[in-house]
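Note sheet for the following structure.
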Amino acid sequence: MLTAHLYNTQSQKLRILSRDELLAEAPSPEERTQKQNAPGKSVGLLTRGVAYCHADEFVWVDITAPDEADFTLLTERFNVHEMVLEDVHGQEGRPKLHEYDDQLYLVFHALLKQEKTEHFSVHLQEIDCLVGPDYVVTLHTEEISPFEDLRKRWERHPTLMQPGPAYLLYELMDEVLDDYFPLLDVMDDHIDDMENRMLEGDGQNLSGEIFGLKRSLLQVRHIAGPTRDVVNTLLRRDAETGGKHFAYFQDLYDHAVRIVDMIDTFREILSGALDVYLATQSNRLNEVMKTMTAMSIILLAPNLIAAVYGMNFENMPELHTRFGYFGALGAMAFVAVGLVVYFKRIRWL
């Protein structure tokens, strides 16, 4: 599904374009040359750029579950580099930023909670983004709710994107990164709950939950670190091309750093919780072993007495006494009770 929003910075009007209208809005070669040579022309995050919209206009094209027809349209309309198309087809998987001719290609990820799973887990949705001097293209395989929220805000307040495509890129990434924090808070609540259960002695089956959370944090950490690097690169590029959006990308970088710090903190807490859990399980096993050892010794002593008097020797004086049987039973009981008292005193029972 393709949606396109065309904004004119002079009239401050926003138009929603169909697929055919998007193709029809391509400027003529003369218009492209005129726009590129206009005094004060800014190419945003790029050091140079070819115009793909009319003067004072830029467009955001958002494509969900792109197919070959969408890729053909992008190639015709924005002259997308073949290496970019290859990466988009292959689902790169790792955040990155590259410059191809007159466009930037970057990858970042939306964070979603995985539903209908036994333990808490997350799902990462890759977002491929193309940025030119007067356009932004986003591609993803599933609906991205932050994009839908941003789209509605822009339609309600058309002047929101007056600063241009670089600011639109900031808004897109900011919306996505802001959605990390509620899920990280949920992870924090899960960790607190596990710690409380361990302290209350109700943490006998926590290993699956702990490893599930560690796996989720590792997934997020693998993309959070590179995302921070991508934002840092955008920050430097903006500074090199005039720094008009420096404050915005600085805010984005702070978000990325905060996400990485939270993940690293949670991983350390989980590692400590796992150590406590394993130590608790080991102590519980030791307690069980002590109890079983004490019971074995208590049962062994009467068996020893019974074994001695169960030997078939003729010359055993106790076998012929009148109260020998009762004496043997009494000795067994006395030894067993004595051992029970002893083991209770040393807290093995």
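Local charge for M1 was computed over the other residues whose Cβ lies under 13 Å away, with Lys and Arg +1 and Asp and Glu -1, and equals -4.
Kindly identify the range 73-167 as rounded, prolate or oblate by the Cα gyration tensor criterion: order the square roots of the eigenvalues as a ≥ b ≥ c, call it rounded if a/c is under 1.5, otherwise compare a/b with b/c, prolate if a/b is larger, else oblate. The partial results should precede the final answer.
Details: a/c = 2.44, a/b = 1.24, b/c = 1.97.
Oblate, since a/c reaches 1.5 and b/c is not below a/b.
In the chain, taking the dipole from charged Cβ atoms about the Cα centre, the farthest positive-side position among L339, L206, A256 is held by L339.
The HN-Hα couplings worked out from phi for the range 247-260 by the Karplus form 6.51 cos²θ - 1.76 cosθ + 1.60 (θ = phi - 60°) are 5, 5, 6, 5, 4, 5, 5, 4, 4, 5, 5, 4, 4, 4 Hz, whole numbers, x standing for Gly and Pro.
Quick check: residue separation of Y100 and T293 times 0.36 nm, minus the Cα distance between them. What number comes out in nm? Walk me through the numbers before you get to the answer.
Numbers: separation 193, 0.36 × 193 = 69.48 nm, distance 7.23 nm.
Gain on extension, Y100 to T293, equals 62.2 nm.
Summarising the amide proton neighbourhood of Y135: residues at separation of 5 or more, or on other chains, whose placed amide H is nearer than 5 Å comprise V59. In a reduced charge model with +1 at each Lys and Arg Cβ and -1 at each Asp and Glu Cβ, the chain shows a dipole moment near 1800 debye about its Cα centre.
Kindly state, to the nearest 0.05, the FRET efficiency for V308 paired with V276, given R0 = 41 Å and r defined as their beta-carbon distance.
Details: r = 48 Å, r/R0 = 1.18.
About 0.25, to the nearest 0.05.
Just to be sure I understand, if you calculate Cα extents along the principal axes in Å for this structure, which of [x] 69, 53, 39; [y] 127, 38, 33; [z] 89, 55, 41 do you get? This structure yields the entry labelled [y].
Every number here is computed from the coordinates shown, using simple stated rules; none is lab data. All of these numbers come straight from a predicted model, not from anything done at the bench. In this analysis, Cβ positions are derived from the backbone assuming ideal geometry, glycine residues included, and neighbour counts consider all displayed protein chains.
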